[in-house]
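Report on the structure given below.
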Amino acid sequence: MQARGNYPPPPGVTDILGLEISGVIAGVGAYVPKDIKVGDRVASLLAGGGYATRVAVHHKMLFHLPDDWSFEMGAALPEAWLTAYVNLFIEGGLRSSAPKGDAPETVLIHAGGSGVGTAAVQLVREAGAKPIVTAGTESKLEICRELGAVLAINYKEQDFLKEVMAANGGN
């Protein structure tokens with residue numbers, strides 16, 4: 001969408017494409033903590049410029065890559081997984097487990113077959129909640145089921161509201 005001009009970067013951000021990076025730290029500033037050093041393998045989410053040869057990133061926006069991860073794996077993580085995490089746990093208030101005696105939370109994930117959607121299904125599952133997804137094709141719904149969706153609804157063929165309400169006893 002950025003390349004087509006349909007998703008412009010925020011004011012003051014480079015017009016070079018790319019929102020995710022991974023690579024090796026080439027230099028650090030004077031106030032960077034000692035646990036971040038030249039030669040570290042890292043990844044980050046950016047407002048723009050990820051396709052550049054070099055980027056400057058605030059140290060708080062970096063995470064270290066595990067030794068067995070490729071740079072491709074590192075660059076694929078931030079946008080989908082961090083977006084899903086923030087939406088679910090920070091903005092949505094999803095708890096990592098239901099209080100004793102409470103039923104597990106149910107989370108409806110639209111576009112369950114997307115990158116953010118598939119990440120969300122797995123995060124919800126690991127939190128002990130019930131992921132319910134919508135998608136428009138059977139192949140996407142099957143992927144969601146394989147990842148742990150307890151209900152997968154084809155929004156082109158089913159009324160997702162009715163399906164979700166039925167799955168939750170009318171709640």
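Among the residues of segment 109-119, is there at least one that is surrounded by 12 or more Cβ atoms within 10 Å (Cβ to Cβ), closer than 30 Å to Gly12 by Cα and in contact with a Ser or Thr (Cβ under 6 Å, 6 or more places away or on another chain)? Yes, segment 109-119 contains at least one residue that is surrounded by 12 or more Cβ atoms within 10 Å (Cβ to Cβ), closer than 30 Å to Gly12 by Cα and in contact with a Ser or Thr (Cβ under 6 Å, 6 or more places away or on another chain).
Being open to solvent by 80 Å² or more (accessible area, probe 1.4 Å), over 30 Å from Val32 (Cα atoms) and in contact (Cβ under 8 Å) with a residue 24 or more places away in the chain: is that true of Arg145 here? Considered against the rule, which asks whether it is open to solvent by 80 Å² or more (accessible area, probe 1.4 Å), over 30 Å from Val32 (Cα atoms) and in contact (Cβ under 8 Å) with a residue 24 or more places away in the chain, Arg145 comes out as no.
When the residues of segment 24-55 are filtered to those that are within 24 Å of Val86 (Cβ to Cβ) and hydroxyl-bearing (Ser, Thr, Tyr), the one that is farthest from the chain's Cα centre (by Cα) is Tyr51. Pairing each residue of segment 150-168 that is β-branched (Val, Ile, Thr) with any residue that is part of a helix (DSSP H, G or I) and surrounded by 14 or more Cβ atoms within 10 Å (Cβ to Cβ), provided the two are 6+ apart or on different chains, yields C-beta distances under 7 Å for Ile153/Phe160; Ile153/Glu163. Scoring Val38 on the criteria (1) among the aliphatic types (A, V, I, L, M); (2) closer than 30 Å to Val133 by Cα; (3) open to solvent by 70 Å² or more (accessible area, probe 1.4 Å); (4) part of a loop (DSSP other than H, G, I, E, B) leaves a single failure, condition (2). All conditions but one from (1) within 22 Å of Ser22 (Cα to Cα); (2) open to solvent by less than 40 Å² (accessible area, probe 1.4 Å); (3) within 14 Å of the chain's Cα centre (by Cα) apply to Leu65; the one that does not is (3). Restricting attention to segment 94-113, the residues that are on the phi > 0 side of the Ramachandran plot and modelled with pLDDT of 95 or more add up to 1. Only one residue in Glu138, Glu157, Glu79, Glu126 is open to solvent by 40 Å² or more (accessible area, probe 1.4 Å), modelled with pLDDT of 95 or more and closer than 27 Å to Glu20 by Cα, so which one is that? Just a single option satisfies the conditions, and that option is Glu126.
The values are calculated or read from the model by the stated rules, or taken from the named source; none is laboratory data. What you are looking at is a predicted structure, and each value in this text was computed from that prediction instead of being measured. Neighbour counts are summed over all protein chains in view; Cβ atoms, including those assigned to glycine, are modelled from backbone coordinates with ideal geometry. With ligands, DNA and RNA removed, areas are computed over all heavy atoms of the protein, side chains included. Shrake-Rupley method; radii C 1.70, N 1.55, O 1.52, S 1.80 Å.
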